[in-house]
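To keep things clear, I will list the structure first and then write my remarks on it.
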Amino acid sequence: MYASREDIGYDFGDDSKVGSKPAKPNPNIDGGWAWMIVLSSFLVHMLIMGSQMALGILNMEWLEEFNQSRGLTAWVSSLSMGITLIVGPFIGLFISMCGCRKTAIIGGVLNALGWILSAYASNVHYLFLTFGVTAGVGSGMVYLPAVVMVGQYFQKRRALAQGLSTTGTGFGAFLMTALLKYLCTEYGWRSAMFLQGAISLNLCVCGALMRPLSPKDVSEKYVVRGNSEDNKAKALSHSAETIKSNGPLSEELEKKEEATNEEVLDSVQHVDIGDKSRGGRNMYGLRILKTVSQLTVMVRKGFAIWYSSYFGAASLFTNRVFVAFIIWALFAYSSFVIPFIHLPEIVKQYNLSIQNNIFPLTSIIAIVHIFGKVILGVISDLPCISTWNVFLMANFTLVTCILTLPLMHTYVSLAVVCALIGFSSGYFSLMPVVTEDLVGTKHLANAYGIIICANGISALLGPPFAGWIYDITQKYDFSFYISGLLYMVGIIFLFIQPCIQKKQPKEKSTEEAQV
């Protein structure tokens, strides 16, 4: 059964579960170590997303080195960026099994390994495997935990915290572009990739900073957030307790599973102790058996949580608003990427190269994008403002700019539209907040993994689709129009589905009153 309450505009949790005693939140929530988590996430965005936005430097080196077509060479960076996001659902499995800290540390090692192995590439296809796949998967294993941990540590200032952490992408784009350009000039692209791999090992340090909260702290934060939502204008929210109560991983089953796991470990420990009296020959084997048993328990429990989130009775896909959110994500990211691809050609078409060389339009988007993330985060955290409404308004502004950009023929008008694109696209920092409001903190890793997977598909297929449209029409305008219209379809799904969810409970209550 689906939730009897509305998906839009109702409180977190049941009143019966909120005790009369006021919960004492962990001092590290919204303060203390929480800001170290923001710093860690900021550095992750700078090292991963910033490096990927600077791959144009390496792409020119690869074209010169391997003498392959531009289309084939471009797939190296496209694979890396796409896989970073597409592997999100599978990274959610890792997080369910071993937590954000271990997942991020392993991902940091894998990402650094991909950079270092790519330094020895003999052809483009070698880079597909080492840089596109290896470094891409490693990036995904660090990126998702960085977003999830910020959501876990913040209650009142979630949007601001996410906005500050994601500004690392903009700073990283400037810093990493300059760094890779300098390294390639001084030492060559192979040494540059090797050194970048060494720098990427700092992702392991960022992962080590992701100190997990205890389950008690998470539950207390969740209850306090439920109380605070009553005083707001009832922003978009979906109770995690609703998902949990319908799913196979209810509290009773979890207790039974934990009891069974403890029995298994206790039996191993009993054999371990009994064997000490016989001698130390089998101690090593028993310790291995104990470790394997612990790993088996951890994997089984993590896989059960991951499986129930996607395919069980408590599947995230039973939340219709969340499904609409996924459809939106399939169209959104490509609409943001396309201006970066076609703006240089539009500038040439209108003979605006002189003005653009002084201050590039893409730089205007990147700079204003940083401020947009922070400002939209601050606005969303205001008590009287709904994060969902800010998110929708930013999307409507962005799609309007995408559709009107081809109509601008002067540098000033293009600069104004690009500034609006950069500011409104700051809604990216609100995506984890909206996702958490939809599914709750417990399911954030798996849910946001699906969202970024949809974004990854959009990023991977969007640019080739725009190029295909140009090949047919021989005009860049249609790339903006078609992508903008598809983007509008996704926004309409976001707008209509909550209204349907609001209407359904009212119809049910009317029928019950008549009966």
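Tabulated values for the structure
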{"item": "Residues of the stretch 355-368 that turn out to be in contact (Cβ under 8 Å) with a residue 60 or more places away in the chain and open to solvent by 20 Å² or more (accessible area, probe 1.4 Å), as a count", "result": "2"}
{"item": "Scope the stretch 180-189; condition farther than 8 Å from Ala54 by Cβ and open to solvent by less than 100 Å² (accessible area, probe 1.4 Å); matching residues", "result": "Leu183, Cys184, Gly188, Trp189"}
{"item": "Restricting the stretch 329-345 to residues that are crowded, with 22+ Cβ neighbours inside 10 Å and of a type in the set (Phe, Trp, Tyr), the residue that is modelled with the highest pLDDT", "result": "Phe331"}
{"item": "Checklist (1) open to solvent by less than 50 Å² (accessible area, probe 1.4 Å); (2) modelled with pLDDT of 80 or more applied to Ala445, failing item", "result": "(2)"}
{"item": "Residue match in the stretch 106-124 (condition: aromatic (Phe, Trp, Tyr), over 16 Å from the mean Cα position of the chain (by Cα), more than 16 Å from Met49 (Cβ to Cβ) and surrounded by fewer than 20 Cβ atoms within 10 Å (Cβ to Cβ))", "result": "yes"}
{"item": "Odd one out for Met53 among (1) at pLDDT 80 or above; (2) under 23 Å from the mean Cα position of the chain (by Cα); (3) open to solvent by 20 Å² or more (accessible area, probe 1.4 Å)", "result": "(1)"}
{"item": "Test: residue in the stretch 186-195 that is among the charged types (D, E, K, R), assigned to a helix (DSSP H, G or I) and at pLDDT below 90", "result": "no"}
{"item": "Ala135 farther than 24 Å from Leu461 by Cα and of a type outside the set (S, T, N, Q)", "result": "no"}
{"item": "Filter result (at pLDDT 70 or above and either at positive phi or open to solvent by 100 Å² or more (accessible area, probe 1.4 Å) (or both)) within the stretch 462-515", "result": "Trp468, Asp471, Ile472, Gln474, Lys475, Leu485, Phe495"}
{"item": "Selection within the stretch 375-403 - open to solvent by less than 50 Å² (accessible area, probe 1.4 Å), closer than 27 Å to Phe480 by Cα and touching a residue at least 24 places away in the same chain (Cβ under 8 Å)", "result": "Leu376, Trp388, Val390, Phe391, Leu392, Ala394, Asn395, Leu398, Val399, Ile402, Leu403"}
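The values are calculated or read from the model by the stated rules, or taken from the named source; none is laboratory data. Since we're looking at a predicted model, the values are computed, not measured. Ideal geometry is used to build each Cβ from the backbone, glycine not excepted, and the neighbour counts take in all protein chains shown. We work out accessible area using only protein heavy atoms, side chains counted, and drop any ligands, DNA or RNA first. Shrake-Rupley method; radii C 1.70, N 1.55, O 1.52, S 1.80 Å.
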